[in-house]
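Q: One structure, as structure tokens, below. Some questions next.
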Amino acid sequence: MAGRNFWSRLLEQAKREYNPKQRYIALLFEAIFFLILLPFGLIALGALIDRWLGFPALILEPLNLIFGVLLILLGWFFAIWSIYTQFTIGRGTPVPLMATQKLIIQPPYSYCRNPMALGAVVMYLGVAVLIGSIAAVMLVFIGAAALFTYIKVLEEKEMEMRFGAEYLAYRQQTPFLIPRFSRKAGD
């Protein structure tokens with residue numbers, strides 16, 4: 001019974017549509033958390049764990065700078081593109097409480113089902129590479145594993161319940177995480 005109530009409440013909340021001003025405010029708070037607080041937390045916690053475990057810094061200049069910045073920019077671009085698409089086409093936000101109102105199958109969501117999660121993980125990996133922290137890299141992988149588990153266990157079930165056969169067809173033809181940029185004829 002409790003499981004049914006959880007899904008009923010989640011679906012009821014997901015159907016609620018918010019106006020653009022409300023969605024902008026939610027995005028502002030998300031941006032502060034995901035673009036400022038989380039990267040600084042990753043840097044600080046990575047440095048603390050590196051010192052605690054005696055991990056050496058992996059500074060290979062200029063490779064840390066080149067690869068770190070490249071990963072940050074690539075991940076940021078993919079995540080921002082995904083959020084923009086959610087906001088405009090899906091009429092929602094990444095916040096589960098302000099879910100998209102439409103199943104998005106346009107790019108970047110036609111390349112993989114989770115481009116925003118992929119972009120975030122790549123961006124945070126770039127931060128870890130840039131600072132040369134072994135612990136920060138490990139924290140990114142632990143966080144990615146938790147995020148992808150959440151997506152597989154909860155989010156995909158919710159999407160199936162909300163969008164039904166349309167989502168199942170999309171899920172069958174679109175990779176979970178690793179983008180597929182080209183389509184074969186007939187796809």
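The values are calculated or read from the model by the stated rules, or taken from the named source; none is laboratory data. As the structure is a computational prediction, the values presented were derived from the model and not from experiment. Surface accessibility is based on the protein's heavy atoms, side chains included, excluding ligands, DNA and RNA. Shrake-Rupley method; radii C 1.70, N 1.55, O 1.52, S 1.80 Å.
Q: Could you provide, to the nearest whole Å², the per residue accessible area of the range 120-173 with probe 1.4 Å?
A: Working: 2670 Å² over 54 residues.
Computed with neighbouring chains in place, this is 50 Å² per residue.
Q: For the range 25-96, what does the accessible surface come to per residue with a 1.4 Å probe? Please give it in Å².
A: In whole numbers, the range 25-96 has 64 Å² accessible per residue.
Q: Still on this structure, please answer the following. Hey, any idea what % of the range 1-115's accessible area is carbon plus sulfur with a 1.4 Å probe?
A: In the range 1-115, the share of accessible area belonging to carbon and sulfur is 74 percent.
Q: Continuing with this model, one more query. Rounded if a/c is under 1.5, else prolate if a/b beats b/c, else oblate: with a ≥ b ≥ c from the C-alpha gyration tensor eigenvalues square-rooted, which is the range 27-98?
A: Oblate shape, in that a/c is at least 1.5 and b/c is the bigger or equal ratio.
Q: Angle, helix 134-150 long axis vs. longest principal axis of the chain, Cα atoms, 0 to 90°, nearest 10?
A: On a 0 to 90 degree scale, this one is about 10.
Q: Which of the aspartates and glutamates could be linked to Lys102 by a straight reach, that is with a Cα gap under 18 Å, when you skip same-chain ones fewer than 8 residues away?
A: Glu12, Glu17, Glu155, Glu156, Glu158, Glu160, Glu166
Q: Give me the percent of accessible area attributable to carbon and sulfur for the range 135-176, probe 1.4 angstrom.
A: Working: 1540 of 2360 Å².
Whole-percent figure for carbon plus sulfur exposure: 65.
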